[in-house]
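This report concerns only the one structure given below.
The values are calculated or read from the model by the stated rules, or taken from the named source; none is laboratory data. Every value quoted in this text rests on a predicted model; they were computed, and no experiment measured them. Here the Cβ positions follow ideal geometry from the backbone for every residue, glycine too, while neighbour counts run over all protein chains shown. Just the protein is used for accessible areas: all its heavy atoms, side chains included, with ligands, DNA and RNA removed. Shrake-Rupley method; radii C 1.70, N 1.55, O 1.52, S 1.80 Å.
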Amino acid sequence: MAERIYLQHSVTRETSAVGTGFSWPACLLGPFWAVMRRLWRVALLMVAVDVLLSVIGLAGVTADLASLVLSIAFAAYCGMNGNKWHRQALERKGFVAL
């Protein structure tokens, strides 16, 4: 089981737990995961990259394969960084690690 980092808001004392390591929801759900976490910029960036990769895939068979490989690589990148992005967003809102 993945470890968690607990963050607490310095004013409201609200506590939030953020996982460490790979984030399967960020990998598999992409922009939907980002919207659920209220990571608006990340969600927009994910949608933009997904649209770009889809457009590349329309160019032909070779481009379609390249688009698939790049989509998988981008999903893995999102999974590797998802929890970090979530933690950083909470820290910008005033949360500090316990």
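Side notes on the structure shown:
- Flag if Gly79 is touching a residue at least 60 places away in the same chain (Cβ under 8 Å) and not hydrophobic (A, V, I, L, M, F, W, C): no
- Applying the condition of being of a type in the set (A, V, I, L, M, F, W, C) and farther than 13 Å from Ala97 by Cα to the range 1-15 and asking which residue is modelled with the highest pLDDT yields Val11.
- So Phe32, is it in a helix (DSSP H, G or I) and aromatic (Phe, Trp, Tyr): yes
- Thr15, sole failed condition from (1) open to solvent by 100 Å² or more (accessible area, probe 1.4 Å); (2) over 18 Å from Tyr77 (Cα atoms); (3) not acidic (Asp, Glu): (1)
- Some residue of the range 77-85 being among the basic types (Lys, Arg) and assigned to a loop (DSSP other than H, G, I, E, B): no
- Residues of the range 18-28 satisfying the condition of being modelled with pLDDT under 95 and aliphatic (A, V, I, L, M): Val18
- Scanning the range 11-24 for any residue that is acidic (Asp, Glu) and assigned to a helix (DSSP H, G or I) turns up nothing.
- Of Ala26, Ala48, Ala59, all but one fail to be without any contact (Cβ under 8 Å) to a residue 40 or more places away in the chain and either under 9 Å from the mean Cα position of the chain (by Cα) or open to solvent by less than 80 Å² (accessible area, probe 1.4 Å) (or both); the exception is Ala48.
- Any hit, the range 72-90, residues being farther than 22 Å from Ala17 by Cα, modelled with pLDDT under 95, of a type outside the set (D, E, K, R) and exposed (fewer than 13 other Cβ atoms within 10 Å of the Cβ): no
- Positions within the range 29-40 being open to solvent by 100 Å² or more (accessible area, probe 1.4 Å) and under 19 Å from Tyr6 (Cα atoms), in sequence order: Met36, Arg37, Arg38
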